[in-house]
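Chemist: Please find one structure pasted underneath; my questions will follow.
No lab work stands behind these numbers, since they all come straight from the coordinates. If you're wondering where the values come from, they're calculated on a predicted model, not measured in any experiment.
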Amino acid sequence: MTRRRQISPEEEALWRKATRDVARYRPLKPIVEPTVSPAQGQKPLRQRLFESAAPAGPRGHSGPSRADLFASGDPKMDRLASRGRLDIDAVLDLHGHTQMTARMVLHRFIHEGYARRARCLLVITGKGGGAAGAVTGGPGRGVLRANFRAWLNDDAVCGLIARAAPAHQRHGGDGAFYIFLKRA
């Protein structure tokens, strides 16, 4: 049985000085993944998704263009996002979802976050492609990530979102995004 060495007062003072600016670790809130179940009397999920995703009008334009949700907005939030120091209210991981279910789950997640008066949501899309796609950059790389911007511009959720931003490396980097919701 070995005895632990006692810390000298100088070492303790040095430790306190080194850690005075360190914030207490707060783990992310648990992943909230809402269930997707169509209400009675609705069309099947596949049919609803294809109808809402179909382009309207000539040349695939779906009405007037919206302001880019990824444009910078609040300088304070931009600074916090760039440093990865945001308070995240809820996290959604889309790994393992198909395009159809990912879109539905994302929209439900945004609606539930808005109803709970959340301000910042973290959505993890992943970089996509697996080992082969990530190396070659070929087709099929990051399908969920590629469609994410279009899903945020859907009429169903666009009015709830103030803006969006790529996530900091500690929150997922290239494979994740922050969604800032408007106040309810």
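Chemist: Please give every one of the aspartates and glutamates within straight-line cross-link reach of Lys127, meaning a C-alpha to C-alpha distance under 17 Å, and leave out same-chain neighbours fewer than 8 residues apart.
Modeler: Asp93, Asp174
Chemist: Something else now. Residue-wise, which Karplus ³J(HN,Hα) couplings in Hz belong to region 84-91, taking 6.51 cos²θ - 1.76 cosθ + 1.60, θ = phi - 60°, and x for glycine or proline?
Modeler: Ordered by residue, 3J(HN,Hα) equals x, 10, 8, 7, 9, 7, 7, 10 Hz.
Chemist: A follow-up question, please. Rounded if a/c is under 1.5, else prolate if a/b is larger than b/c, else oblate: which is region 69-184, with a ≥ b ≥ c the root eigenvalues of its Cα gyration tensor? Don't skip to the end; give the middle numbers.
Modeler: Numbers: a/c = 1.99, a/b = 1.36, b/c = 1.46.
It is oblate, given that a/c is not under 1.5 and a/b is not larger than b/c.
Chemist: Another question, then. What does the extension gain come out to for Met100 and Arg3, with contour length at 0.36 nm per residue minus their alpha carbon separation? Could you put the intermediate results ahead of the total?
Modeler: On the way: separation 97, 0.36 × 97 = 34.92 nm, distance 5.94 nm.
That works out to 29.0 nm of additional length.
Chemist: Now, a different point. What is the set of long-range amide H partners of Ala162 at a cut-off below 5 Å, with H atoms built 1.01 Å from backbone N?
Modeler: The list, which skips near neighbours in sequence, is Phe180, Leu181, Lys182.
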